[in-house]
1. For residue 156 and residue 133 in the same chain, what is the full-extension length gain: residue separation times 0.36 nm, less their Cα-Cα distance, in nm?
2. Roughly what angle does helix 14-27 make with the longest principal axis of the chain, taking Cα atoms, 0 to 90 degrees, to the nearest 10?
3. For Cα extents along the principal axes in Å, the choices are [x] 54, 45, 36; [y] 59, 48, 32; [z] 66, 44, 33; which was calculated from the structure?
4. Ranked from highest to lowest mean number of other Cβ atoms within 10 Å per residue, what is the order of the peptides 232-243, 173-184?
5. Measure nothing but the geometry: give the 0 to 90° angle between the long axis through the Cα atoms of 113-123 and the longest principal axis through the Cα atoms of the chain, rounded to 10°.
6. How many angstrom separate the Cα center of segment 184-251 from the Cα center of segment 1-72?
7. Among 87, 217, 59, which one moves the most in a GNM of the chain with springs linking Cα atoms closer than 10 Å?
8. Mind checking the angle between helix 176-187 and the chain's longest principal axis? C-alpha axes, 0 to 90 degrees, to the nearest 10.
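Rule-based calculations on the coordinates, nothing more; no lab input. The shown structure was predicted, so the numbers you read here are calculated from the model rather than taken from an experiment. No Cβ is skipped: glycine too gets one built from the backbone with ideal geometry, and neighbour counts run over all protein chains shown.
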């Protein structure tokens with residue numbers, strides 16, 4: 001996808017901001033590229049003018065940025081997931097800014113929740129309604145929440161899902177088969193969009209639609225990213241989040 005080149009987010013017109021929002025609504029993600037002379041921390045935080053206020057994380061610095069490097073996470077692969085599944089309300093947007101790209105891997109992986117939903121509606125139509133019930137128990141440190149996999153917000157659906165070693169997950173027995181089907185779906189390379197962010201590029205993901213992860217990389221080299229969560233309540237108007245499934249009749 002061609003990145004948006006944005007020098008000063010606060011100077012965007014409504015039309016320019018709405019072009020970004022349309023892409024987000026259609027695709028569930030975009031890439032923004034900052035100017036070569038930009039201070040990257042400032043460039044990332046200045047995107048509040050487009051994507052709304054910062055949602056703070058326990059490991060973030062005072063301004064809300066989390067540094068993702070070899071110390072924060074080992075260089076192994078991470079399955080595509082929703083950020084903040086252990087909170088009652090996950091953040092609307094996940095932004096990942098590349099400072100140093102790995103050359104041996106470390107690519108971003110995305111799985112579209114809309115395509116996953118349609119797959120489940122086709123393959124497991126009787127199980128799908130159960131995923132709208134609180135079938136997942138997600139625990140991380142002192143945070144715990146029971147939640148559905150899918151839920152409705154106005155006329156759209158949203159997803160929250162994580163299954164990896166960073167959390168403790170309990171699954172209601174009635175949802176075992178469907179959760180296993182989700183895990184298999186997100187592991188298949190054909191269901192993933194894979195690309196490598198370059199320095200000064202920022203991936204912005206609708207955290208209620210797209211699952212995001214990464215491929216493994218050689219831990220002898222450095223990979224450094226800045227991450228921040230935004231609430232999607234832009235000065236230009238709230239972003240349209242989630243997705244409209246083709247299998248609407250199954251919801």
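1. Length gained between residue 156 and residue 133: 6.6 nm.
2. It works out to around 40 degrees.
3. [x]
4. Peptide ranking by packing, descending: 232-243, 173-184.
5. 20
6. If we compute the Cα centre of each part, the gap is 13 Å.
7. Maximum among the listed residues: 59.
8. On a 0 to 90 degree scale, this one is about 30.
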